[in-house]
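I have placed the structure first, in the form of structure tokens, so that the comments after it can refer back to it.
The values are calculated or read from the model by the stated rules, or taken from the named source; none is laboratory data. Everything numeric in this text was worked out from a predicted model, so none of it was measured. With ideal geometry, Cβ positions are generated from the backbone for all residues, glycine too; neighbour counts draw on all protein chains shown. Note: areas computed on protein heavy atoms with side chains; ligands, DNA, RNA excluded. Shrake-Rupley method; radii C 1.70, N 1.55, O 1.52, S 1.80 Å.
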Amino acid sequence: MTATFVHAPLAQTVLPRPSRVRDLLLVLGGSLFVAALAQVRIPLPFTPVPITGQTFGVMLVGAGFGARLGFLTLLVYLLEGILGLPFFSGGRSGLGHLAGATGGYLLAFPLAAGLMGWLVERWGVDRNPWKMALAMLSCSALIYLLGATWLGVWLNQNVEPTSILAVLNKGVFPFIPGDLVKCGLAAVLLPTIWRWVGRERPPADS
């Protein structure tokens, strides 16, 4: 099928020859990368949502792989965790974890990776630090929207009636400083890698 993107993602530039084997290895490797970052975990005493490295991995996978492979990679990551591999935060696994307080964030991951990949393919945001930072913030907002919405439902059903402000205090505000750091790191890392690569192949079949 002919690719419709304008800018080739990093993985398809470094590995320009399309094949199912390449895509499979990227998907599996990307899911392991996100799983490893999920184990970087800092619990917070006032919320059931910990600080983790997952979102950074989600964004990098989406930017590096593009919309389709980024989305598929995070779907595979969720499936691996559901099937019992200790890939969720703190080594957790199982379908029940998706119904817990952090389920909305997890379910948002494939969408965020797909959005990041689309922004890369459409506008080449990973080539420019400022564009990359703005793309990271946009994808983080998507994760917050879905994650905090589900967190509010979970708190109201399992803990106590909770206001919107309380949900934001538990599921959004504490994580903004860390996400700003992640935005800065990605804004430096990806454009730097592109300078090392030193080339961009034109759109091709994938």
Response to the item:
Helix 176-197 sits off the longest principal axis of the Cα atoms of the chain, rounded to the nearest 10 on a 0 to 90 degree scale, by 10
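Output the relative contact order of segment 1-156, whole-number percent, from Cα pairs under 8 angstrom with separation of 6+ residues. Mind dumping the intermediate values first?
Values: 243 pairs, mean separation 40.1, N = 156.
Averaging sequence separation for qualifying contacts and normalising by length gives 26 percent for segment 1-156.
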Worksheet item: What is the P(r) of segment 88-149, as percent of Cα-Cα pairs per 10 Å bin from 0?
Response: 22, 42, 25, 11
Practice prompt. State log₁₀ I(q)/I(0) for the chain at q = 0.15, 0.16 Å⁻¹ as given by the Debye formula over alpha-carbon point scatterers of equal weight, solvent excluded.
Written response: -0.89, -1.00
Worksheet entry | Helix 67-82 vs. the chain, principal-axis angle (Cα, 0 to 90°, nearest 10) | 40
Discussion item. If I fit a long axis through the Cα atoms of helix 20-38 and take the longest principal axis of the Cα atoms of the chain, what angle between them do I get, 0 to 90°, rounded to 10?
Written reply: 40
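How much of the accessible area of the chain, in percent, comes from carbon and sulfur atoms when a 1.4 Å probe is used?
Values: 7320 of 10150 Å².
For the chain, the apolar C and S fraction of the accessible surface comes to 72 percent.
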Worksheet, complete the sentence: In segment 57-206, taking the dipole from +1 charges on Lys and Arg beta carbons and -1 charges on Asp and Glu beta carbons about the Cα centre, the listed residue (LEU98, PHE71, THR162) farthest towards the positive end is PHE71
Item to complete: Using only C-alpha positions, report the orientation-averaged shadow area of the convex hull of segment 1-85, nm², one decimal.
Response: 6.7
Item to complete: Grab the DSSP H runs of the chain that are 4 residues or longer, score each as -39,500 (n - 2.57), total them, divide by all residues and round the 222 nm result to the nearest 500 deg cm²/dmol.
Response: -21500 deg cm²/dmol
